[in-house]
Amino acid sequence: MTLHELSIEYARSADLLWSRISALERQRKEEPDEGRRDLLEGRIRPLKVMYRETRAVARRLERYYVKFTPCRDRPPAPGIRSLYPMDHRRRK
């Protein structure tokens, strides 16, 4: 499995979390009992944290190789011999 494929899996998981959050928020809005609304809010809060973290990981995995892609639109900075950034795995 590549990092790109893994990012797709994380994005799917984030979508599932968001659909569950949406369902619970609809249920909370329709709930007449104050105590029950508080319980639903207690269930929603950790799901939102999980959603944000999952989306962040998906984005990071999706863009992991971007930092190793050369920028051909601009000249290299002084002192850099190549357009390619140095990769710590290629040091000699």
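Summing Lys and Arg as +1 and Asp and Glu as -1 over all other residues whose Cβ lies under 15 Å from the Cβ of GLU9 gives a net charge of 0.
In whole percent, and with a 1.4 Å probe on the protein chains, what portion of the accessible area of segment 1-48 is carbon and sulfur? Please list the in-between numbers first.
Working: 1840 of 3490 Å².
Accessible surface attributable to carbon and sulfur in segment 1-48 totals 53 percent.
The string of couplings for segment 10-22 from the Karplus curve (6.51, -1.76, 1.60, θ = phi - 60°) is 5, 5, 5, 4, 5, 5, 5, 4, 5, 5, 5, 4, 4 Hz, one whole number per residue in order, with x for Gly and Pro. Within the set of other residues whose C-beta is less than 15 Å from the C-beta of ARG28, count the net charge using Lys and Arg as +1 and Asp and Glu as -1. That sum, taken over residues with Cβ under 15 Å, equals +1.
The values are calculated or read from the model by the stated rules, or taken from the named source; none is laboratory data. This is a predicted model, so every value here is computed, not measured. We place every Cβ from the backbone using ideal geometry, glycine too, and count neighbours over all the protein chains shown. For the accessible areas, the whole protein counts, side chains as well, though only heavy atoms, and no ligand, DNA or RNA atoms are used. Shrake-Rupley method; radii C 1.70, N 1.55, O 1.52, S 1.80 Å.
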